[in-house]
Amino acid sequence: MAMITIPEFPKTKKLKSLAVLTSGGDAPGMNAAVRAVVRYSIANDIEVFGIMKGYSGLLEGQIEAMKLSSVANIIQRGGTVLKTSRCPEFMKKQVRKEAAYILERKGIEGLVVIGGDGSFAGASLLEKETGFRTIGVPGTIDNDIFGTDDTIGFDTAVNTAIEAIDRIRDTASSHGRLFLVEVMGRNSGFIALSTGIGGGAETIVVPEAEMTLPMIRKSIERGMNRGKTSSIIVVAEGPKPGLATRIGRGLEKAGFDSKICTLGHIQRGGVPTAHDRMLGSVLGAAAVAYLASGKSGGMVGITRNEVAFTPFKEVIGKKKTLPKVAMALAEILAT
Ligand code: ADP
């Protein structure tokens, strides 16, 4: 990742204290973001609190003042030291009002929410209904958040999947086998696309593009005709996980024997890559700088290698499109 500048810290800051939480699915690199929020706040004389277990911990009042040492030795750890949760109660307006009251009673003036689209929906409503200032930091392995080119955790997940593909390829080429590797991505094919290109897959199946069984067969046959003895097909799990198995069954009926490997949760954990640590550090600090300069009700992300602020209403519920150029490139490079 190129060096990215963070927004300038304002001469007169618009808040004296803030809190940070992680919510929804965990992602490697979230700890780097938490660490940056804490240390960048303290460096600028802002009192900073850590909230455990996302919105659930907030409602339970699990809020602790953070010191520089509270975030020592965490940058290299996967998951999130603040823990995370799914909190259905937060869907209720009355509960969000209660949350704002809990924060205000502690003297907290702003909230940094590290999470995905759902967590941002909660943060956005909290601000709209109560005026409590919030800012989002995109942390999800899926990279499916609109308004940012990159999310914290995506690079690590792709690297994990590529490492697995490299190992599978050793077996695939030794035995002359066809492997279907299922990666994460219910609604989006970003992990599959990057894994497929970086791992040299013969075919990539993603929810965004039509890929029928005959099309898959054709790509395998094309490889065989040019002397390939093994193939790797990367499949995004899609809305109903187990897609690789279903494709495998279909291929079997057509006379192709395949092996299935579902990577599952190993893609979510693990040591964050340098890229995700850097991204988490930059976005965490940028979130504090924006809040201090009076910006809130939106997400801090990366657009064309620049830190950018996007209002929540332009982020939430929008679908980030998979670049068609990259899909076409994957096909060209696999031939
Ligand atoms: P992610 O943030 O990774 O997309 P979820 O969609 O599970 O994960 O959302 C995390 C949490 O955010 C939910 O458990 C809930 O507390 C809160 N949340 C999600 N959607 C909404 C919503 N529409 N209104 C209020 N809170 C929400």
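Assorted remarks:
- Computed about its Cα centre, the charge dipole of region 156-265 is approximately 300 debye, with only Lys, Arg, Asp and Glu carrying charge at their Cβ.
- Extent along principal axes [Cα atoms of region 173-299; Å; largest to smallest]: 63, 28, 24
- Degrees, to the nearest 10: 324-334 long Cα axis against longest axis of the chain: 40 degrees
- A 1.4 Å probe run over the protein chains yields, for the chain, 45 Å² of accessible area per residue, whole-number rounding.
- About its Cα centre, the chain has a charge dipole of approximately 360 debye under the convention of +1 per Lys or Arg Cβ and -1 per Asp or Glu Cβ, with nothing else charged.
- The largest-to-smallest principal axis extents of the Cα set in the chain are 68, 39, 31 Å.
- The portion of the accessible surface of the chain made up by carbon and sulfur, rounded to a whole percent, is 53 (1.4 Å probe; DNA, RNA and ligands excluded).
- For region 119-162, the convex hull drawn through the C-alpha positions has a volume of 65 cubic angstrom per residue.
- Relative contact order of the chain, defined on C-alpha pairs under 8 angstrom at six or more residues apart (%): 26 percent
- Calculated from backbone phi, Karplus (6.51, -1.76, 1.60) coupling profile of region 122-129 in Hz, x at Gly/Pro: x, 5, 4, 5, 4, 5, 4, 7
- The chain: antiparallel DSSP beta bridges as a percent of all, rounded to 5: 20 percent
- Pairs spanning more than 18 Å between alpha-carbon atoms, out of Lys83/Lys319; Lys93/Lys318; Lys93/Lys320; Lys97/Lys128; Lys53/Lys240: Lys83/Lys319; Lys93/Lys318; Lys93/Lys320; Lys53/Lys240.
- Taken about its Cα centre, region 241-299 carries a charge dipole of about 120 debye when Lys and Arg each add +1 at the Cβ and Asp and Glu each add -1 at the Cβ.
- Nearest-ten-degree value, helix 243-253 long axis tilted from longest Cα axis of the chain: 10 degrees
- Of the residues Met66, Thr130, Thr22, the one whose Cα sits farthest towards the positive end of the charge dipole of the chain is Thr130 (charges of +1 on Lys and Arg Cβ, -1 on Asp and Glu Cβ, taken about the Cα centre).
- Neighbours of Lys106, meaning other residues whose beta-carbon lies under 11 angstrom from its beta-carbon, give a summed charge of -3 when Lys and Arg score +1 and Asp and Glu score -1.
- Centre-to-centre, using Cα atoms only, region 230-247 and region 175-222 are separated by 7 Å.
- The C-alpha atoms of the chain define a longest principal axis, and helix 274-292 lies at about 30 degrees to it.
- When Thr160, Thr321 are compared by accessible area of protein heavy atoms, the largest-first order is Thr321, Thr160, using a 1.4 Å probe.
- Taking θ as phi - 60° and the Karplus parameters 6.51, -1.76 and 1.60, the scalar couplings of region 97-110 work out to 4, 4, 4, 5, 5, 4, 5, 5, 4, 8, x, 7, 10, x Hz in sequence order, x denoting glycine and proline.
- Loop-located GluC sites (Glu not before Pro) in region 182-261, at most 15 other Cβ atoms within 10 Å (DSSP): Glu210
- The residues neighbouring Ile75, those whose beta-carbon lies less than 14 Å from its own, together hold a net charge of +3 under the Lys/Arg +1, Asp/Glu -1 convention.
The values are calculated or read from the model by the stated rules, or taken from the named source; none is laboratory data. Note that the coordinates shown come from a computational prediction; the quantities given were computed from them, not determined experimentally. Note that each Cβ is placed from the backbone with ideal geometry, even for glycine, and that neighbours are counted across all protein chains shown. In case anyone asks, the SASA skips ligands and DNA or RNA and just uses the protein heavy atoms, side chains included. Shrake-Rupley method; radii C 1.70, N 1.55, O 1.52, S 1.80 Å.
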